[in-house]
Every structure is written in structure tokens, then in C-alpha cells.
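Structure record follows, encoded as C-alpha cells.
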């Protein structure tokens, strides 16, 4: 898959380009590639269906931010691939601003691309836009501007509201006691969310949230095995656990205070593997993970030959996570058929027909895609 190949190249650059000399040109090339060729996954087909009828649609089928973005695209006479290209370009521009403010730009871009590019920037586009706007907000020092951008992000995906709750937990600059309080607070928060997920009636007084949680709760059956068994069966959870151990050991050995934020972020990502419902929230914490380890990677010699085993291990583990879409037959087959900025209506429809055939063969999301019914 193209995403894995690009992730591997970015990992090598993170290792050997110690002064980030190739960061700008690499970022431009990756942005051009993925803003002109897209549709590797399946969710875009529903957006295409919505775009066909966008002119006559008055009630938004999802968050207003993306709905009116499509309305604007239609008003300007843009076809669907052109709108998708502009949306992807916006996501990568926000990412560029975030990475540009980091000390280790290549490392930051590698991690962001590896953990967000496929599932967020390519598949779950609305949430990808929300996360990219949040990264833009994290790049500004003015609190008012940051909060304003966080509010804008919510217009593209309502789950972005979680940033107002969680962000304070991951800005760890205090004492060891403060670090421990935040650690237990994150744990309690996750357990509380799991309880609400299992008992959605407790939030029945919040209409939209109640409907969403109830839908997830009824449509997803938690694993019947114990939590320990569930975690052991999840390769991603085990990788996050290994990264967390490496980060925590490095923090203790080097007393690098920023690593506390990174450890809490990877710990939260690990906890999100306890439930499908929590997965969406985990993606918002990835920028905090990057910010936390930024100075760690920029300290000392950045030359590949002198890099510590711990730093290299984290990069290899992140790359392994980036291969996750390849583990699923549906995505392996589906990624062979995609569209580009020049695709016409016939090419789009032919691609959709092939995607629907993959869905039928692999029994993936049957009934979720209007154009495949």
C-alpha cells in the first residue's frame, strides 16, 4: 500500500536528516501526492453520494462544517474530486504548520503521517479535518485563538469537544505528584466513558450524544473475553504498551519533563484499545504525543549513527502501527481502486462498483454504503 511505502521513507528521513533539510520538499511532495490521488478507503463513497444531491439537500446529514464546505464547493462549480482535493490540502497545510513549529520536524511529520494519514486524512475525513484544525490551534501561542480553532474543529466533528476536557491533562509541567494526579485522572476518565458506553441511559438527557452513544453501544458487542485477554489479542495495544515503557524509561533516565506528556498520551492511546467507542477520542491525543517527544529527539546528536536504541525503537514501532491497514484484507483489496483529481463521473462510478464488489466479497460494512445497496 502506498501509505506504508511513504511512511517507511519518512521514517528513514527522521533517522538520517538530522537538520531537517529535506523536510519542506518532502512535505510538499507528499501533500501533492495525497491531495491529487485519494479514495483509498471506502467512506468517501458516502460523501460522493451526499455531494450528488447537495444542491437540493437542506438538512445536513452530518456536522455543519463539512456540509457547508460541500455546499460552497457546489456553488463554485467544483466537482467532487476537486472538493476532496481542497479538503485534503487544507489538512496537510494545518499539519505543516504544526510540524514546522517542532524542533524535530521530520520526526513530527513521520509520526503524524503514520498514525493519522490513512484512517483520518483519507478515510474518516470529517474527523481528519477536525484534528488538523486542532493541530493548527496547538501551533498558536494565543489561548483565545487556540480555543476559537478548537470550536471550529467541533463544527467538522462533534467528537472534537473532547479536546476541551482532555488537553489540560497532557500539558504536564508540574511536579511528580502532579504527574501522578493526571495519570489517575486519565484512567478515571476512560473508566467513566466505558461505563457510559455500557449504560447510555445515564446520558439520555443529552439528545444528540445519547443517540450516538446508544448507536455505538447497540451496534458493537464488546469482546466476551476479559480485558487482559482483549488487550493481548490487540497488536496495536501491545505496541502502544511497548512505546509507553520506552518513553517512561527514557523519562526516568534523562529526567526529560516533556516526556511525561508523551507518556500520558501513549497511555491514553493504550486505554482507547479497551473499547471501539474510545478509538475516535484517541486520535486527538496523537499531537500531544508528538509535542511531548519533540525535544527528546532534538536533544543531543540527531545523526543516525549516534541515535539511541530507544529513539530508534519508538520510530520502528510507530512504523509498524502504520502498516495496520495492510492487516485487513478489505483495505488491501480496496486500496487498489482509487480516484484522482482528474477523475470524471464514469471513472468514479467504475471505481465505486469495484469498491462495492470488495465490500461484498469481504462482508465489510454491508448496508453502510448507500451506493452499494
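Points worth noting:
- Among 7, 204, a tally of other beta-carbon atoms within 10 Å of each Cβ gives an order, fewest to most, of 204, 7.
- Per-residue ellipticity at 222 nm from helix content only, as computed over the chain with -39500 (n - 2.57) for each DSSP H run of at least four residues, stands at -21000 deg cm²/dmol.
- Its residue count N fixes a reference of 2.2 N^0.38 Å for the range 72-141, and the Cα radius of gyration divided by that reference is 1.18.
- C-alpha long axis of helix 235-254 to longest principal axis of the chain, angle in °: 30
- This ranking places 162, 245 by how few other beta-carbon atoms lie within 10 Å of each, fewest first, which gives 245, 162.
- Calculated Rg and Dmax of the range 247-343 using C-alpha coordinates, Å: 17.0, 54
- Gyration tensor verdict on the range 1-160 (Cα atoms; rounded if a/c is under 1.5, prolate if a/b is larger than b/c, oblate otherwise): oblate
- Computed P(r) (all Cα pairs; the range 1-74; 10 Å bins; percent): 15, 33, 23, 21, 8, 1
- Residues 157, 288, arranged from fewest to most other Cβ atoms within 10 angstrom of their Cβ, appear as 288, 157.
- Computed from Cα atoms, the angle from the helix 176-198 axis to the main principal axis of the chain rounds to 30 degrees.
- Both numbers refer to the Cα atoms of the chain; Rg and Dmax are 20.6, 62 Å.
- Separation between Cα centres of the range 162-194 and the range 45-94, rounded to whole Å: 36
- Between helix 345-362 and the chain: long-axis angle, C-alpha atoms, 0 to 90°, nearest 10: 70
Any read-out appearing in this document is the output of simple, stated calculations on the displayed coordinates, not a laboratory observation. Remember, predicted model here, so these are calculated numbers, not experimental data. All Cβ positions, even for glycine, are placed from backbone atoms using ideal geometry, and neighbour counts span all protein chains on display.
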